Amino acid sequence: MIVRTGLGQDSHRFEAKPGKPLLLAGVLFNGETGLEGNSDADLVYHALANAVSGVTGHNVIGAVSDAMCAAGVKDSAEYVRAALKSLGKLKICHVSVSVEGRHPKMAPQIGAMRENIGRLLGLDVHSVAFTSTTGEDLTSFGRGEGLQALVLVTAVEA
């Protein structure tokens, strides 16, 4: 059996002038300031696409996602779908997400984010883990300037 693990990271600053909604793993956080970015700036999906790229070696976030965005594709779930096309015979069996930021509070939305990630990857929600931390003022994320996501993906080929 072949097992591969990919690590993805992404970070975004909060918008200076609120206007864009805050989306994390496709979940809307009502009343929160959105993140800077030329797409919907869903940093969880960006980090997930990077983690899948860590498994396959085919980078999507960067030139591919920029071209998709320029063509009007702003939904970050589409970047994940583009990364998944390179899996070949590999199948994702587990994903673990960690988000750092002072706000918003993640706990009320963790179930919905796990469900969205599971649906996108074709996984049972029990194969999707999600944790968060405030960062205790130690980083710019912990001071409330933006958010950071780390994602670990495990894929197998039987």
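Things worth noting here:
- Filter result for residue 92 (part of a helix (DSSP H, G or I) and β-branched (Val, Ile, Thr)): no
- Residues within the range 1-39 that are farther than 17 Å from residue 101 by Cβ and charged (D, E, K, R), tallied: 2
- Residue match in the range 75-98 (condition: out of contact with any strand residue (DSSP E or B) (no Cβ under 8 Å at 6 or more places or on another chain) and of a type in the set (Lys, Arg)): yes
- Taking each residue of the range 117-142 that is on the phi > 0 side of the Ramachandran plot and looking for partners that are in a loop (DSSP other than H, G, I, E, B) and open to solvent by less than 50 Å² (accessible area, probe 1.4 Å) with beta-carbon atoms closer than 6 Å, six or more apart or interchain, yields 135/141; 135/142; 136/142.
- Test: residue in the range 76-98 that is surrounded by 15 or more Cβ atoms within 10 Å (Cβ to Cβ) and farther than 30 Å from residue 2 by Cα: no
- Residue identified as of a type outside the set (A, V, I, L, M, F, W, C), part of a strand (DSSP E or B) and out of contact with any Asp or Glu (no Cβ under 7 Å at 6 or more places or on another chain) among 98, 140: 98
- Scanning the range 61-84 for residues that are at pLDDT 95 or above and among the charged types (D, E, K, R) gives 74, 75, 78, 81.
The values are calculated or read from the model by the stated rules, or taken from the named source; none is laboratory data. If you're wondering where the values come from, they're calculated on a predicted model, not measured in any experiment. Methodologically, a virtual Cβ is constructed for each residue, glycine included, from the backbone with ideal geometry; neighbour enumeration extends over all protein chains shown. The protein model used for the area step is the full one, side chains on, heavy atoms only, and it has no ligands, DNA or RNA in it. Shrake-Rupley method; radii C 1.70, N 1.55, O 1.52, S 1.80 Å.
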